[in-house]
Amino acid sequence: MVYLNNAATSYPKPDAVINAWQKAIRELPSGQFRSSADADGADILSCCRKRLGRLLGIADTDRIYFTSGSTEGLNAIIAGLGIEASRIITTATEHNSVLRPLYNLPGIGGSPVLLPCDENGTVSPESLEEKAKNGDFAAFILNHCSNVTGAIQDAGAFGEIAKRYGLIYILDVSQSAGCMEIKADEWGVDALAFTGHKSLMGPQGTGGYYVRDGIKIRPLKYGGTGFDSSRLLYDEDTYEYEAGTLNYPGTEVLSEALRWVSDTGVDSIREKERQLTDCLISELEKTDGIRIFGKYLKDRGPLVSFTSGILPPSDIAYILQNSFGIVTRAGLHCAPLIHEHIGSGNKGTLRVSFSYFNEKEDVDALIAALREMA
Ligand SMILES: Cc1ncc(COP(=O)(O)O)c(C=O)c1O
């Protein structure tokens, strides 16, 4: 099997991650602050927070909270801020984990203001400036790297503008964490959501969010935190966002995955994935009937989206998987608004996404299959 669907979930995982999974589940269970058989419980979490801080450019790692992934993290941030959607600016490139909370969360109300993107999926920082100076906005949410075209937004430039207009700046690093440099503090990011199972190489159901000191959000979930159990009313000066028993084994495994990413080096990962995407694009350009989205991006995340004149994306993905053993992904990729801007229509694209474990032979196999189908 050739796995080219790493933007959904990375596969395979490094050996260190597989071994950590066995170890985490075999050992006595841990529990932060709670009476626990393993007094190191707190260390598992704080070690993971520190490793995340290094990869995400966050110094105040105590303010990184674990959830089941970006979706829960983004819901926690958006619901916790409780700002009316009409006072939030976001972009056409967002994933449904941003759009659906904005359109559906009780108490949020209204519709967000959307910045357009160009045909490559790039959003211009000037468009934020234009909107911000002409309205009464409170927050800006940005998808750092598009999961449809791979476009990487200029997170630093957006941060400067957000700061100038007093906007709370929220960054979704689901597709960029682990495969490119992230400097949240330097970019002026106020809140951020990450997921563990893509380029961070951890298991599904891991991830979390960060909220800068000074930004008050109400917890999304209430329950036992193992800390000051007698108090029933939430006190906004104490941060007890991790209610209920956490996914300790998952966090321990994620922590090992982060160690692997750091040891391998984000730069080496990026360079290898860049070679694969460049190679794929140049081969696709030589293949009849292929239209590449984001073709003119100077730099991109490790994915390429395209359509073919022969068949709809879902048919191609089906044939690739069932006749050639090549796993890709077809459709809108949970980002419904970008397609109108890049011109990919209501059937979306076929997306090929790489990890550090892919090789040039995988690109060769895909290209051969596409040519045979053509
Ligand atoms: C840009 C982006 N944001 C958010 C998410 C949601 O991540 P998760 O499903 O791990 O919560 C994804 C997942 O595909 C994504 O690509």
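How would the stretch 85-151 be classified by its alpha-carbon gyration tensor: rounded, prolate or oblate, with rounded meaning a/c under 1.5 and the a/b versus b/c comparison settling the rest?
oblate
Would you please classify the overall shape of the chain from the alpha carbon gyration tensor, given that a ≥ b ≥ c denote the square roots of the eigenvalues, rounded means a/c under 1.5, and beyond that prolate means a/b larger than b/c while oblate covers the rest? Walk me through the numbers on the way to the answer.
Numbers: a/c = 2.05, a/b = 1.28, b/c = 1.60.
Taking the square roots of the gyration eigenvalues as a ≥ b ≥ c, the chain is oblate.
Each Cα pair under 8 Å and six or more residues apart adds its separation to the average, and for the chain the resulting relative contact order is 24 percent.
A simple rule links phi to the HN-Hα coupling: the Karplus curve 6.51 cos²θ - 1.76 cosθ + 1.60 with θ = phi - 60°, which for the stretch 178-195 gives x, 10, 7, 5, 10, 10, 4, 5, 4, 7, x, 6, 8, 8, 8, 10, 9, 10 Hz, with x for Gly and Pro. Look at the alpha carbon pairs under 8 Å that are at least 6 residues apart: their mean separation over the length of the stretch 227-374 gives a relative contact order of 23 percent. Rounded to the nearest 20 debye, the dipole size of the stretch 15-264 about its Cα centre is 340 debye, using +1 on the Cβ of Lys and Arg and -1 on the Cβ of Asp and Glu. Secondary structure note: in the chain, about 55% of the DSSP beta bridges are antiparallel.
Listed here are the pairs Lys23/Lys50; Lys183/Lys298; Lys163/Lys221; Lys216/Lys272; Lys183/Lys221; which of them are more than 31 Å apart at the Cα? Over 31 Å apart, Cα to Cα: Lys216/Lys272.
Which of rounded, prolate, oblate describes the stretch 150-261, given a ≥ b ≥ c as roots of the alpha-carbon gyration tensor eigenvalues and a/c under 1.5 marking rounded, otherwise prolate only if a/b is larger than b/c? It comes out oblate by the Cα gyration axes.
Coordinate-derived values only; no laboratory data. Quick caveat: nothing in here was measured; it's all calculated off a predicted structure. So basically every Cβ, Gly included, is an ideal-geometry build from the backbone, and we count neighbours across all protein chains shown.
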